[in-house]
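Structure first, then comments.
The values are calculated or read from the model by the stated rules, or taken from the named source; none is laboratory data. The shown structure was predicted, so the numbers you read here are calculated from the model rather than taken from an experiment. Quick reminder, even Gly has a Cβ in these numbers, built from the backbone with ideal geometry, and neighbours come from all protein chains shown. What goes into the accessible areas is simple: the full protein's heavy atoms, side chains included, and nothing from ligands, DNA or RNA. Shrake-Rupley method; radii C 1.70, N 1.55, O 1.52, S 1.80 Å.
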Amino acid sequence: MKLYRTAVAYFVEQDSQFFRGDDTAWDVLIAKDDLADYLKASLFKFAAVPTLPSAEIQAPIGSQEVWAAGVTYFRSRDARMEEAKSAGGGDFYDRVYAAPRPELFMKATAHRVVGPNRKVAIRDDSKWNVPEPELTLLVTPSGKITGYTIGNDMSSRDIEGENPLYLPQAKVYDRSCALGPCILVSPEPLPKATEIRLDILRAGKTEFSGSTTLESPKRDPAQLVEYLYRNNSFPSGCFLLTGTGVVPPDSFTLQMGDEIRITIPPIGSLINQVG
Ligand code: DO4
Ligand code: MG
């Protein structure tokens, strides 16, 4: 079952049919521990609609914070060690990959997040930028994972490579994060064979493609949530990006006008332009 947020209402997709939801506020709805059961039980009361107005789909976020895990994939550890080598920071990434405690950082507040088909930004003071395609967890205030969406953790590699202490500037700025197009509502973990695919198009042609699966990350979603919720409360729940396993080669940087497509088959595709 998929849950979409639009300007007018929320919509549920079940077996390729769309239903207009009730007037429960978004923050209240997505904070429910029994979200899947609530929607299933309510479906018969919802009006079926012929289609979803796709231009009106918004990021599936209300007032939640967006957090992110880093260096959960070997590919990310490798790329970061290389970019931070001359700054003497390479060793930190190796250590955090091996350590029991994961890297967790605050990625965005809701106003820094864009939805599908909106523009993500690159910083004016950066020359080396990449998208990071990440499976993103919807976590309730009690710490339960109730759904999944797609996240783009836009990153300025030259800024984080200059000094790991610059990470918040490399990661957090206006329109530095995209989420969507929907929440796949499921209390069950996604299969390990699930693919995460990144395609970057420039003037309509593929400039970069890469993919990974959920087999590769070193850490479990539940383990990341357990650390995130230690001495930390989330009254409306939160979104947690789980790290990237796809990093374009060092010669690649995003340009204005590029189109970023991130696909996770059970969820859909999150498409954004750079601008
Ligand atoms: O440590 C830097 C950030 C890592 C990250 O965002 C990732 O691995 O996805
Ligand atoms: Mg990331």
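One table, with the values for the structure above:
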item	result
All positions within the stretch 99-115 that are part of a strand (DSSP E or B), open to solvent by 10 Å² or more (accessible area, probe 1.4 Å) and either more than 14 Å from ligand 1 (Cβ to nearest atom) or aliphatic (A, V, I, L, M) (or both)	LEU104, MET106, VAL113, VAL114
Tally of residues being more than 19 Å from ILE183 (Cα to Cα) and part of a strand (DSSP E or B) across the stretch 119-156	6
Residue list for the stretch 192-213, filter: open to solvent by 20 Å² or more (accessible area, probe 1.4 Å), over 16 Å from the mean Cα position of the chain (by Cα) and touching a residue at least 60 places away in the same chain (Cβ under 8 Å)	LEU201
Residue list for the stretch 187-209, restricted to those being touching a Ser or Thr at 6+ places or on another chain (Cβ under 8 Å) and more than 26 Å from LYS119 (Cα to Cα)	PRO187, LYS192, ALA193, THR194
Test set (1) within 13 Å of ligand 1 (Cβ to nearest atom); (2) part of a strand (DSSP E or B) - ARG95 fails condition number	(2)
Residue within the stretch 200-210 that is within 25 Å of MET106 (Cα to Cα) and out of contact with any Cys (no Cβ under 6 Å at 6 or more places or on another chain) present	no
Residue list for the stretch 214-272, filter: outside any loop (DSSP other than H, G, I, E, B), more than 16 Å from ligand 1 (Cβ to nearest atom) and either open to solvent by 40 Å² or more (accessible area, probe 1.4 Å) or closer than 22 Å to SER54 by Cα (or both)	ALA222, GLU226, GLU259, ARG261, THR263, GLY268, SER269, ILE271, ASN272
Qualifying residue in the stretch 116-136 (condition: modelled with pLDDT of 95 or more, small (Gly, Ala, Ser) and surrounded by fewer than 16 Cβ atoms within 10 Å (Cβ to Cβ))	no
Selection count, the stretch 7-61, where residues are of a type in the set (Phe, Trp, Tyr), assigned to a helix (DSSP H, G or I) and open to solvent by less than 70 Å² (accessible area, probe 1.4 Å)	2
Check on ARG77, surrounded by 15 or more Cβ atoms within 10 Å (Cβ to Cβ) and more than 16 Å from ligand 1 (Cβ to nearest atom)	no
